[in-house]
Amino acid sequence: DGRLTFYPGNQTVDLPSINFMKRYGTVFLNAYTNSPICCPSRAAMWSGLFTHLTESWNNFKGLDPDYVTWMDLMEKHGYRTQKYGKLDYTSGHHSVSNRVEAWTRDVDFLLRQEGRPMVNLTGDKERVRVMEADWRNTDKAVNWIKEEATNLTQPFALYLGLNLPHPYPSPYAGENFGASTFLTSPYWLEKVSYDAIKIPKWSSLSEMHPVDYYSSYTKNCTGEFTQQEIRNIRAFYYAMCAETDAMLGEIISALRDTGLLKSTIVVFTADHGELAMEHRQFYKMSMYEGSSHVPLLVMGPGVKEQQQVPNLVSLVDIYPTMLDIARIPVLQNLSGYSLLPLLYGKAENKASPGRPRPSWVLSEFHGCNVNASTYMLRAGKWKYVAYSDGRSVLPQLFDLSADPDELTNVAIKFPVIVHSLDKVLRSVVNYPKVSSSVQEYNKRQFISWKQSLGQNYSNVIANLRWHQDWLKDPKKYENAIDKWL
(Lines give C-alpha, C1' and ligand atoms only; values in the text may rest on other atoms or scores of the structure.)
Protein backbone atom coordinates (compact mmCIF):
# COMPACT_ATOMS: atom_id res chain seq x y z
CA ASP A 1 0.00 0.00 0.00
CA GLY A 2 1.69 3.18 -1.22
CA ARG A 3 0.32 5.24 1.65
CA LEU A 4 2.68 3.40 4.01
CA THR A 5 5.65 5.19 2.44
CA PHE A 6 4.75 8.65 3.73
CA TYR A 7 3.05 10.29 6.69
CA PRO A 8 0.66 9.39 8.35
CA GLY A 9 0.60 5.81 7.01
CA ASN A 10 4.19 5.05 7.95
CA GLN A 11 3.53 5.78 11.63
CA THR A 12 2.01 2.30 11.98
CA VAL A 13 5.14 0.28 11.20
CA ASP A 14 8.89 0.73 11.23
CA LEU A 15 10.18 0.72 7.61
CA PRO A 16 13.84 1.83 7.93
CA SER A 17 14.88 1.07 4.34
CA ILE A 18 11.94 2.98 2.86
CA ASN A 19 12.76 5.87 5.20
CA PHE A 20 16.40 5.70 4.02
CA MET A 21 15.21 6.02 0.40
CA LYS A 22 13.02 8.98 1.39
CA ARG A 23 15.98 10.70 3.06
CA TYR A 24 18.35 10.21 0.13
CA GLY A 25 15.87 10.26 -2.73
CA THR A 26 12.36 11.09 -3.91
CA VAL A 27 9.01 9.69 -2.84
CA PHE A 28 5.95 9.97 -5.11
CA LEU A 29 2.87 10.80 -3.06
CA ASN A 30 0.36 9.88 -5.78
CA ALA A 31 1.58 6.80 -7.64
CA TYR A 32 -1.02 4.33 -8.94
CA THR A 33 -1.15 0.90 -10.47
CA ASN A 34 -2.69 0.74 -13.96
CA SER A 35 -4.57 -2.42 -12.95
CA PRO A 36 -4.89 -3.54 -9.32
CA ILE A 37 -3.94 -7.21 -9.81
CA CYS A 38 -0.61 -8.99 -10.34
CA CYS A 39 -0.28 -9.93 -14.01
CA PRO A 40 -2.11 -7.03 -15.76
CA SER A 41 -0.32 -4.52 -13.53
CA ARG A 42 3.10 -5.98 -14.28
CA ALA A 43 2.22 -6.15 -17.98
CA ALA A 44 1.66 -2.37 -17.85
CA MET A 45 4.94 -1.81 -16.01
CA TRP A 46 7.04 -3.94 -18.38
CA SER A 47 5.38 -2.61 -21.58
CA GLY A 48 4.66 1.04 -20.75
CA LEU A 49 1.13 0.53 -22.11
CA PHE A 50 -2.32 0.74 -20.53
CA THR A 51 -4.18 -2.51 -19.87
CA HIS A 52 -6.74 -2.04 -22.67
CA LEU A 53 -3.80 -1.76 -25.10
CA THR A 54 -1.94 -4.88 -23.86
CA GLU A 55 -5.32 -6.68 -23.50
CA SER A 56 -3.99 -8.19 -20.29
CA TRP A 57 -7.49 -8.85 -18.99
CA ASN A 58 -6.82 -11.06 -15.97
CA ASN A 59 -4.14 -13.01 -14.09
CA PHE A 60 -4.17 -15.62 -16.86
CA LYS A 61 -3.78 -13.20 -19.78
CA GLY A 62 -0.71 -10.96 -19.86
CA LEU A 63 1.93 -10.10 -22.46
CA ASP A 64 3.22 -12.55 -25.04
CA PRO A 65 6.36 -14.34 -23.75
CA ASP A 66 8.48 -12.72 -26.49
CA TYR A 67 7.24 -9.17 -25.79
CA VAL A 68 10.10 -6.61 -25.87
CA THR A 69 10.28 -5.04 -22.39
CA TRP A 70 12.35 -2.05 -21.25
CA MET A 71 14.88 -4.50 -19.82
CA ASP A 72 15.22 -6.24 -23.20
CA LEU A 73 15.93 -2.87 -24.83
CA MET A 74 18.50 -2.01 -22.13
CA GLU A 75 20.22 -5.33 -22.82
CA LYS A 76 20.26 -4.55 -26.57
CA HIS A 77 21.90 -1.21 -25.76
CA GLY A 78 24.80 -2.68 -23.80
CA TYR A 79 23.38 -3.17 -20.30
CA ARG A 80 24.07 -6.36 -18.37
CA THR A 81 20.63 -7.45 -17.14
CA GLN A 82 19.54 -9.86 -14.44
CA LYS A 83 16.13 -10.81 -13.06
CA TYR A 84 15.33 -12.66 -9.83
CA GLY A 85 12.04 -13.61 -8.20
CA LYS A 86 8.47 -12.98 -9.26
CA LEU A 87 8.00 -11.65 -12.80
CA ASP A 88 4.41 -12.62 -13.62
CA TYR A 89 3.70 -10.44 -16.63
CA THR A 90 3.20 -13.06 -19.37
CA SER A 91 0.12 -15.14 -20.21
CA GLY A 92 -0.70 -18.60 -18.93
CA HIS A 93 -0.01 -18.49 -15.19
CA HIS A 94 -2.21 -18.64 -12.07
CA SER A 95 -4.75 -21.23 -11.07
CA VAL A 96 -7.66 -22.69 -13.05
CA SER A 97 -9.96 -21.22 -10.38
CA ASN A 98 -8.55 -17.77 -10.91
CA ARG A 99 -9.22 -17.72 -14.65
CA VAL A 100 -12.65 -19.44 -14.47
CA GLU A 101 -13.76 -16.93 -11.79
CA ALA A 102 -12.68 -14.10 -14.12
CA TRP A 103 -14.45 -15.58 -17.14
CA THR A 104 -17.74 -16.19 -15.28
CA ARG A 105 -18.06 -12.84 -13.55
CA ASP A 106 -21.05 -11.92 -15.75
CA VAL A 107 -22.93 -15.05 -14.63
CA ASP A 108 -25.92 -14.33 -12.42
CA PHE A 109 -24.66 -16.08 -9.28
CA LEU A 110 -22.80 -15.15 -6.11
CA LEU A 111 -20.21 -17.60 -4.77
CA ARG A 112 -17.46 -17.20 -2.22
CA GLN A 113 -14.19 -17.55 -4.10
CA GLU A 114 -11.62 -16.85 -1.36
CA GLY A 115 -10.93 -18.20 2.09
CA ARG A 116 -12.05 -15.94 4.91
CA PRO A 117 -9.09 -13.65 5.77
CA MET A 118 -7.24 -14.76 8.90
CA VAL A 119 -3.90 -14.41 10.69
CA ASN A 120 -1.24 -16.95 11.57
CA LEU A 121 1.72 -16.35 13.87
CA THR A 122 4.73 -18.57 13.25
CA GLY A 123 8.06 -19.13 14.97
CA ASP A 124 9.44 -17.01 17.81
CA LYS A 125 11.18 -13.65 18.29
CA GLU A 126 14.27 -15.06 16.58
CA ARG A 127 12.39 -15.97 13.37
CA VAL A 128 13.43 -13.34 10.82
CA ARG A 129 13.00 -15.24 7.55
CA VAL A 130 9.30 -16.03 7.26
CA MET A 131 8.87 -15.73 3.47
CA GLU A 132 11.78 -18.04 2.69
CA ALA A 133 11.43 -18.03 -1.11
CA ASP A 134 11.70 -14.21 -1.19
CA TRP A 135 14.76 -14.34 1.07
CA ARG A 136 16.43 -16.87 -1.24
CA ASN A 137 15.87 -14.55 -4.21
CA THR A 138 17.13 -11.58 -2.18
CA ASP A 139 20.28 -13.58 -1.33
CA LYS A 140 20.76 -14.35 -5.03
CA ALA A 141 20.44 -10.65 -5.93
CA VAL A 142 22.88 -9.67 -3.15
CA ASN A 143 25.40 -12.27 -4.34
CA TRP A 144 25.01 -11.09 -7.91
CA ILE A 145 25.77 -7.50 -6.85
CA LYS A 146 28.83 -8.61 -4.86
CA GLU A 147 30.22 -11.13 -7.34
CA GLU A 148 29.07 -9.91 -10.78
CA ALA A 149 28.04 -6.26 -10.73
CA THR A 150 31.28 -5.09 -9.07
CA ASN A 151 33.40 -6.58 -11.85
CA LEU A 152 31.39 -5.27 -14.79
CA THR A 153 32.79 -2.76 -17.26
CA GLN A 154 29.28 -2.14 -18.63
CA PRO A 155 26.26 -0.67 -16.77
CA PHE A 156 23.74 -3.09 -15.25
CA ALA A 157 20.00 -3.39 -14.64
CA LEU A 158 18.99 -5.76 -11.84
CA TYR A 159 15.36 -6.64 -11.08
CA LEU A 160 14.20 -8.33 -7.86
CA GLY A 161 10.51 -9.31 -7.64
CA LEU A 162 9.18 -10.20 -4.19
CA ASN A 163 5.96 -11.97 -3.32
CA LEU A 164 5.61 -10.28 0.07
CA PRO A 165 3.57 -8.60 1.44
CA HIS A 166 1.08 -10.81 -0.42
CA PRO A 167 -1.14 -12.94 1.88
CA TYR A 168 -0.21 -16.62 1.95
CA PRO A 169 -2.21 -19.57 0.57
CA SER A 170 -4.88 -20.91 2.93
CA PRO A 171 -5.01 -24.72 2.54
CA TYR A 172 -8.60 -24.90 3.85
CA ALA A 173 -9.83 -22.77 0.91
CA GLY A 174 -9.91 -25.50 -1.72
CA GLU A 175 -8.48 -25.90 -5.21
CA ASN A 176 -5.22 -23.98 -5.62
CA PHE A 177 -6.04 -22.38 -2.25
CA GLY A 178 -7.25 -18.84 -1.82
CA ALA A 179 -4.41 -16.71 -0.45
CA SER A 180 -6.14 -15.28 2.59
CA THR A 181 -3.71 -15.95 5.44
CA PHE A 182 -1.69 -13.04 6.83
CA LEU A 183 1.37 -14.79 8.20
CA THR A 184 4.26 -13.35 10.20
CA SER A 185 6.52 -14.01 13.19
CA PRO A 186 6.75 -12.25 16.58
CA TYR A 187 10.00 -10.67 15.35
CA TRP A 188 8.17 -8.62 12.69
CA LEU A 189 5.00 -8.07 14.69
CA GLU A 190 7.11 -6.16 17.23
CA LYS A 191 7.82 -3.55 14.55
CA VAL A 192 4.11 -2.64 14.39
CA SER A 193 2.57 0.02 16.59
CA TYR A 194 -0.84 -1.44 17.51
CA ASP A 195 -2.01 1.93 18.89
CA ALA A 196 -1.52 3.60 15.51
CA ILE A 197 -3.62 1.05 13.61
CA LYS A 198 -6.76 2.63 12.27
CA ILE A 199 -9.90 0.46 12.25
CA PRO A 200 -11.63 1.29 8.95
CA LYS A 201 -15.26 2.39 8.88
CA TRP A 202 -17.58 0.09 6.94
CA SER A 203 -20.81 0.85 5.11
CA SER A 204 -23.65 -1.49 5.95
CA LEU A 205 -24.04 -4.32 3.42
CA SER A 206 -27.35 -2.87 2.20
CA GLU A 207 -25.77 0.54 1.48
CA MET A 208 -22.82 -0.83 -0.50
CA HIS A 209 -22.30 -0.08 -4.17
CA PRO A 210 -23.39 -3.30 -5.98
CA VAL A 211 -19.87 -3.98 -7.30
CA ASP A 212 -18.40 -3.52 -3.81
CA TYR A 213 -20.98 -5.94 -2.43
CA TYR A 214 -20.05 -8.55 -5.04
CA SER A 215 -16.36 -8.11 -4.15
CA SER A 216 -16.94 -8.38 -0.40
CA TYR A 217 -19.07 -11.47 -0.89
CA THR A 218 -16.72 -13.31 -3.25
CA LYS A 219 -13.79 -12.41 -0.97
CA ASN A 220 -15.64 -14.02 1.94
CA CYS A 221 -15.77 -10.78 3.96
CA THR A 222 -19.53 -10.37 4.47
CA GLY A 223 -19.58 -12.35 7.74
CA GLU A 224 -19.04 -10.95 11.22
CA PHE A 225 -15.56 -9.70 12.16
CA THR A 226 -14.59 -8.47 15.61
CA GLN A 227 -12.53 -5.28 16.00
CA GLN A 228 -9.70 -7.46 17.28
CA GLU A 229 -9.79 -9.64 14.15
CA ILE A 230 -9.65 -6.57 11.91
CA ARG A 231 -6.85 -4.99 13.94
CA ASN A 232 -4.86 -8.23 13.79
CA ILE A 233 -5.26 -8.63 10.02
CA ARG A 234 -3.99 -5.08 9.58
CA ALA A 235 -1.15 -5.55 12.08
CA PHE A 236 0.01 -8.79 10.42
CA TYR A 237 -0.12 -7.10 7.03
CA TYR A 238 2.07 -4.25 8.33
CA ALA A 239 4.47 -6.82 9.82
CA MET A 240 4.73 -8.46 6.39
CA CYS A 241 5.57 -5.01 4.96
CA ALA A 242 8.36 -4.71 7.56
CA GLU A 243 9.82 -8.02 6.37
CA THR A 244 9.67 -6.73 2.77
CA ASP A 245 11.45 -3.56 3.85
CA ALA A 246 14.27 -5.67 5.33
CA MET A 247 14.83 -7.29 1.92
CA LEU A 248 15.09 -3.84 0.34
CA GLY A 249 17.64 -3.07 3.08
CA GLU A 250 19.76 -6.07 2.01
CA ILE A 251 19.96 -4.72 -1.55
CA ILE A 252 20.88 -1.20 -0.39
CA SER A 253 23.55 -2.64 1.96
CA ALA A 254 25.05 -4.78 -0.84
CA LEU A 255 25.29 -1.69 -3.08
CA ARG A 256 26.87 0.29 -0.24
CA ASP A 257 29.37 -2.48 0.64
CA THR A 258 30.54 -2.73 -2.98
CA GLY A 259 30.80 1.05 -3.47
CA LEU A 260 28.06 0.95 -6.11
CA LEU A 261 25.38 2.87 -4.18
CA LYS A 262 26.56 6.32 -5.29
CA SER A 263 26.42 5.37 -8.98
CA THR A 264 23.24 3.26 -8.98
CA ILE A 265 19.62 4.35 -9.32
CA VAL A 266 17.36 2.33 -7.00
CA VAL A 267 13.61 2.14 -7.66
CA PHE A 268 11.13 0.59 -5.20
CA THR A 269 7.53 0.02 -6.24
CA ALA A 270 4.68 -2.56 -6.14
CA ASP A 271 2.17 -4.03 -8.56
CA HIS A 272 -0.79 -3.13 -6.30
CA GLY A 273 -1.64 -2.53 -2.64
CA GLU A 274 -3.68 -4.43 -0.06
CA LEU A 275 -7.06 -3.38 1.35
CA ALA A 276 -6.42 -5.20 4.66
CA MET A 277 -10.12 -4.97 5.63
CA GLU A 278 -10.78 -1.44 4.38
CA HIS A 279 -14.20 -1.25 2.68
CA ARG A 280 -14.98 -4.71 4.10
CA GLN A 281 -12.46 -6.33 1.76
CA PHE A 282 -8.98 -7.75 1.80
CA TYR A 283 -6.69 -8.29 -1.21
CA LYS A 284 -6.65 -5.96 -4.23
CA MET A 285 -8.91 -5.81 -7.37
CA SER A 286 -10.37 -2.49 -6.24
CA MET A 287 -9.91 1.18 -7.09
CA TYR A 288 -9.94 2.20 -3.43
CA GLU A 289 -6.66 3.72 -2.27
CA GLY A 290 -5.52 0.70 -0.25
CA SER A 291 -5.54 -1.39 -3.42
CA SER A 292 -4.69 1.04 -6.25
CA HIS A 293 -2.24 3.45 -4.61
CA VAL A 294 1.29 2.03 -4.89
CA PRO A 295 4.66 2.96 -3.40
CA LEU A 296 7.19 4.60 -5.71
CA LEU A 297 10.54 5.71 -4.33
CA VAL A 298 13.68 6.48 -6.31
CA MET A 299 17.19 7.38 -5.20
CA GLY A 300 20.51 7.68 -6.99
CA PRO A 301 22.78 10.06 -8.87
CA GLY A 302 20.98 13.25 -9.92
CA VAL A 303 17.79 12.34 -8.03
CA LYS A 304 16.69 15.12 -5.70
CA GLU A 305 17.02 14.20 -2.01
CA GLN A 306 14.17 14.49 0.51
CA GLN A 307 11.78 15.40 -2.30
CA GLN A 308 8.07 14.62 -2.18
CA VAL A 309 6.42 14.69 -5.62
CA PRO A 310 2.65 15.35 -5.56
CA ASN A 311 2.18 14.80 -9.34
CA LEU A 312 -0.02 11.91 -10.43
CA VAL A 313 2.09 9.09 -11.86
CA SER A 314 1.55 5.39 -12.59
CA LEU A 315 3.42 2.19 -13.39
CA VAL A 316 3.38 2.75 -17.18
CA ASP A 317 5.88 5.56 -16.43
CA ILE A 318 8.55 3.00 -15.43
CA TYR A 319 9.23 1.94 -19.05
CA PRO A 320 10.05 5.41 -20.45
CA THR A 321 11.93 6.30 -17.25
CA MET A 322 14.25 3.29 -17.54
CA LEU A 323 14.97 4.09 -21.19
CA ASP A 324 15.54 7.75 -20.30
CA ILE A 325 18.06 6.75 -17.59
CA ALA A 326 19.88 4.61 -20.18
CA ARG A 327 19.62 7.39 -22.82
CA ILE A 328 17.77 5.06 -25.17
CA PRO A 329 15.33 6.84 -27.53
CA VAL A 330 11.80 6.41 -26.16
CA LEU A 331 9.06 5.16 -28.48
CA GLN A 332 6.36 7.73 -29.14
CA ASN A 333 3.34 5.45 -28.70
CA LEU A 334 3.76 4.68 -24.98
CA SER A 335 1.05 5.34 -22.38
CA GLY A 336 3.67 6.45 -19.86
CA TYR A 337 5.97 9.45 -19.42
CA SER A 338 9.53 9.62 -18.13
CA LEU A 339 9.79 10.50 -14.44
CA LEU A 340 13.31 11.94 -14.79
CA PRO A 341 12.20 15.60 -14.99
CA LEU A 342 10.27 15.15 -11.73
CA LEU A 343 13.14 13.20 -10.11
CA TYR A 344 15.65 15.90 -11.04
CA GLY A 345 13.32 18.58 -9.70
CA LYS A 346 12.94 20.36 -13.05
CA ALA A 347 9.87 22.18 -14.32
CA GLU A 348 8.35 19.47 -16.45
CA ASN A 349 7.03 21.55 -19.33
CA LYS A 350 10.57 22.87 -20.00
CA ALA A 351 12.04 19.39 -19.81
CA SER A 352 9.59 17.74 -22.20
CA PRO A 353 7.99 20.44 -24.37
CA GLY A 354 6.83 17.94 -27.01
CA ARG A 355 4.70 15.78 -24.76
CA PRO A 356 3.59 17.28 -21.46
CA ARG A 357 2.47 14.83 -18.76
CA PRO A 358 -1.33 14.68 -18.44
CA SER A 359 -2.96 15.84 -15.21
CA TRP A 360 -4.66 12.44 -14.65
CA VAL A 361 -3.82 8.75 -14.27
CA LEU A 362 -5.81 5.76 -15.47
CA SER A 363 -6.34 2.40 -13.81
CA GLU A 364 -8.64 -0.37 -15.06
CA PHE A 365 -9.65 -3.84 -13.92
CA HIS A 366 -11.18 -6.78 -15.81
CA GLY A 367 -10.42 -9.82 -13.62
CA CYS A 368 -12.05 -11.93 -10.90
CA ASN A 369 -13.82 -10.87 -7.67
CA VAL A 370 -15.37 -7.87 -9.47
CA ASN A 371 -18.44 -8.34 -11.66
CA ALA A 372 -17.94 -5.44 -14.08
CA SER A 373 -15.02 -3.95 -15.96
CA THR A 374 -13.86 -0.98 -13.88
CA TYR A 375 -12.13 2.24 -14.93
CA MET A 376 -10.60 4.75 -12.53
CA LEU A 377 -9.53 8.25 -13.47
CA ARG A 378 -7.69 10.20 -10.78
CA ALA A 379 -7.45 13.93 -11.50
CA GLY A 380 -6.62 16.55 -8.86
CA LYS A 381 -8.62 15.83 -5.71
CA TRP A 382 -11.16 13.70 -7.61
CA LYS A 383 -11.31 9.97 -8.14
CA TYR A 384 -13.88 8.93 -10.73
CA VAL A 385 -14.79 5.25 -11.10
CA ALA A 386 -16.88 4.10 -14.08
CA TYR A 387 -18.16 0.59 -14.68
CA SER A 388 -19.09 -1.62 -17.62
CA ASP A 389 -20.88 0.38 -20.36
CA GLY A 390 -21.19 3.50 -18.18
CA ARG A 391 -24.96 3.11 -17.88
CA SER A 392 -25.95 -0.25 -16.39
CA VAL A 393 -23.84 0.26 -13.23
CA LEU A 394 -23.76 3.63 -11.46
CA PRO A 395 -20.39 5.42 -11.29
CA GLN A 396 -18.61 6.55 -8.14
CA LEU A 397 -16.96 9.88 -7.42
CA PHE A 398 -14.79 10.58 -4.37
CA ASP A 399 -13.31 13.85 -3.17
CA LEU A 400 -10.01 12.62 -1.72
CA SER A 401 -9.21 15.92 -0.01
CA ALA A 402 -12.46 16.00 1.99
CA ASP A 403 -12.96 12.22 2.17
CA PRO A 404 -9.56 10.42 2.13
CA ASP A 405 -11.20 7.17 3.33
CA GLU A 406 -13.53 7.19 0.30
CA LEU A 407 -16.69 6.58 2.32
CA THR A 408 -19.02 8.96 0.47
CA ASN A 409 -19.86 8.60 -3.21
CA VAL A 410 -20.67 12.14 -4.35
CA ALA A 411 -21.42 11.33 -8.02
CA ILE A 412 -25.06 12.42 -7.73
CA LYS A 413 -24.05 15.64 -5.93
CA PHE A 414 -21.58 16.75 -8.63
CA PRO A 415 -23.06 15.84 -12.05
CA VAL A 416 -20.94 18.46 -13.87
CA ILE A 417 -17.69 17.00 -12.47
CA VAL A 418 -18.87 13.47 -13.35
CA HIS A 419 -19.66 14.59 -16.89
CA SER A 420 -16.29 16.29 -17.42
CA LEU A 421 -14.26 13.41 -15.93
CA ASP A 422 -16.24 10.88 -17.95
CA LYS A 423 -15.44 12.90 -21.08
CA VAL A 424 -11.71 12.79 -20.27
CA LEU A 425 -11.94 9.05 -19.54
CA ARG A 426 -13.67 8.38 -22.89
CA SER A 427 -10.98 10.41 -24.70
CA VAL A 428 -8.36 8.01 -23.26
CA VAL A 429 -10.29 4.75 -23.61
CA ASN A 430 -13.58 3.88 -25.30
CA TYR A 431 -14.56 2.02 -22.16
CA PRO A 432 -18.04 0.75 -23.15
CA LYS A 433 -16.39 -0.88 -26.18
CA VAL A 434 -13.52 -2.36 -24.14
CA SER A 435 -15.99 -3.74 -21.54
CA SER A 436 -17.97 -5.38 -24.31
CA SER A 437 -14.88 -6.98 -25.88
CA VAL A 438 -13.82 -8.33 -22.46
CA GLN A 439 -17.28 -9.87 -22.04
CA GLU A 440 -16.95 -11.57 -25.44
CA TYR A 441 -13.42 -12.73 -24.59
CA ASN A 442 -14.61 -14.21 -21.27
CA LYS A 443 -17.39 -16.17 -22.95
CA ARG A 444 -15.11 -17.48 -25.72
CA GLN A 445 -12.46 -18.58 -23.22
CA PHE A 446 -15.00 -20.27 -20.99
CA ILE A 447 -16.59 -22.17 -23.89
CA SER A 448 -13.26 -23.53 -25.13
CA TRP A 449 -12.24 -24.50 -21.56
CA LYS A 450 -15.59 -26.25 -21.04
CA GLN A 451 -15.25 -28.14 -24.32
CA SER A 452 -11.69 -29.22 -23.42
CA LEU A 453 -13.03 -30.96 -20.29
CA GLY A 454 -15.70 -33.01 -22.05
CA GLN A 455 -17.54 -35.35 -19.65
CA ASN A 456 -15.36 -34.16 -16.77
CA TYR A 457 -16.72 -30.58 -16.82
CA SER A 458 -19.35 -30.90 -14.05
CA ASN A 459 -16.87 -32.43 -11.64
CA VAL A 460 -14.06 -29.96 -12.32
CA ILE A 461 -16.18 -26.80 -12.11
CA ALA A 462 -17.82 -27.97 -8.88
CA ASN A 463 -14.45 -28.41 -7.17
CA LEU A 464 -12.77 -25.08 -7.85
CA ARG A 465 -12.20 -22.56 -5.05
CA TRP A 466 -15.92 -21.86 -4.80
CA HIS A 467 -16.68 -25.54 -4.04
CA GLN A 468 -18.08 -24.90 -0.54
CA ASP A 469 -20.92 -22.81 -2.01
CA TRP A 470 -21.21 -24.64 -5.33
CA LEU A 471 -21.71 -28.11 -3.87
CA LYS A 472 -24.81 -26.95 -1.96
CA ASP A 473 -26.70 -26.71 -5.28
CA PRO A 474 -24.55 -27.71 -8.31
CA LYS A 475 -27.51 -27.85 -10.70
CA LYS A 476 -28.55 -24.28 -9.92
CA TYR A 477 -25.08 -22.90 -10.70
CA GLU A 478 -24.60 -24.98 -13.84
CA ASN A 479 -27.99 -23.73 -15.06
CA ALA A 480 -26.95 -20.11 -14.38
CA ILE A 481 -23.88 -20.66 -16.57
CA ASP A 482 -25.96 -22.30 -19.34
CA LYS A 483 -28.33 -19.32 -19.27
CA TRP A 484 -25.36 -16.91 -19.56
CA LEU A 485 -23.91 -18.89 -22.48
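Summed over segment 453-485, the residues that are in a helix (DSSP H, G or I), hydrophobic (A, V, I, L, M, F, W, C) and closer than 22 Å to Pro169 by Cα give a count of 4.
Selection of first residues in segment 95-120 that are over 18 Å from Cys39 (Cβ atoms) and of second residues that are open to solvent by 40 Å² or more (accessible area, probe 1.4 Å) and in a strand (DSSP E or B), restricted to Cβ pairs under 9 Å at least 6 apart or on distinct chains, gives the following pairs, ordered by first then second residue: Gly115/Pro169.
Of the helices (runs of 4 or more DSSP H) entirely within segment 296-407, none holds at least 3 residues that are open to solvent by 40 Å² or more (accessible area, probe 1.4 Å) and over 30 Å from Glu75 (Cβ atoms).
Would you point out the residue of segment 253-269, among those that are in contact with a helix residue (DSSP H, G or I) (Cβ under 6 Å, 6 or more places away or on another chain) and assigned to a helix (DSSP H, G or I), that is nearest to Val298 (Cα to Cα)? The extreme case among them is Leu261. Residues in segment 252-287 that are closer than 20 Å to Pro16 by Cβ and within 22 Å of the chain's Cα centre (by Cα) were compared, and the one that is surrounded by the most Cβ atoms within 10 Å (Cβ to Cβ) is Ala270.
Inclusion of Asn442 among residues that are assigned to a helix (DSSP H, G or I) and open to solvent by 70 Å² or more (accessible area, probe 1.4 Å) is not warranted.
All of Thr226, Thr218, Thr222 fail the test of being modelled with pLDDT of 95 or more, over 30 Å from Val142 (Cβ atoms), polar (S, T, N, Q) and open to solvent by less than 10 Å² (accessible area, probe 1.4 Å), apart from Thr218. Elements of the type strands (runs of 3 or more DSSP E) sitting completely within segment 93-206 and holding at least 3 residues that are within 30 Å of Thr258 (Cβ to Cβ): these cover 156-161. Scanning for something within 30 Å of Lys483 (Cα to Cα), open to solvent by less than 10 Å² (accessible area, probe 1.4 Å) and at pLDDT 95 or above, does segment 43-66 turn up at least one residue? Yes, segment 43-66 contains at least one residue that is within 30 Å of Lys483 (Cα to Cα), open to solvent by less than 10 Å² (accessible area, probe 1.4 Å) and at pLDDT 95 or above. When the residues of segment 408-430 are filtered to those that are assigned to a helix (DSSP H, G or I) and among the hydrophobic types (A, V, I, L, M, F, W, C), the one that is most open to solvent (accessible area, probe 1.4 Å) is Val416.
The values are calculated or read from the model by the stated rules, or taken from the named source; none is laboratory data. Since the structure is predicted, the reported quantities are computational estimates derived from the model, not experimental observations. Methodologically, a virtual Cβ is constructed for each residue, glycine included, from the backbone with ideal geometry; neighbour enumeration extends over all protein chains shown. Each accessible area value is taken on the protein alone, full model and side chains, heavy atoms only, with ligands, DNA and RNA left out. Shrake-Rupley method; radii C 1.70, N 1.55, O 1.52, S 1.80 Å.
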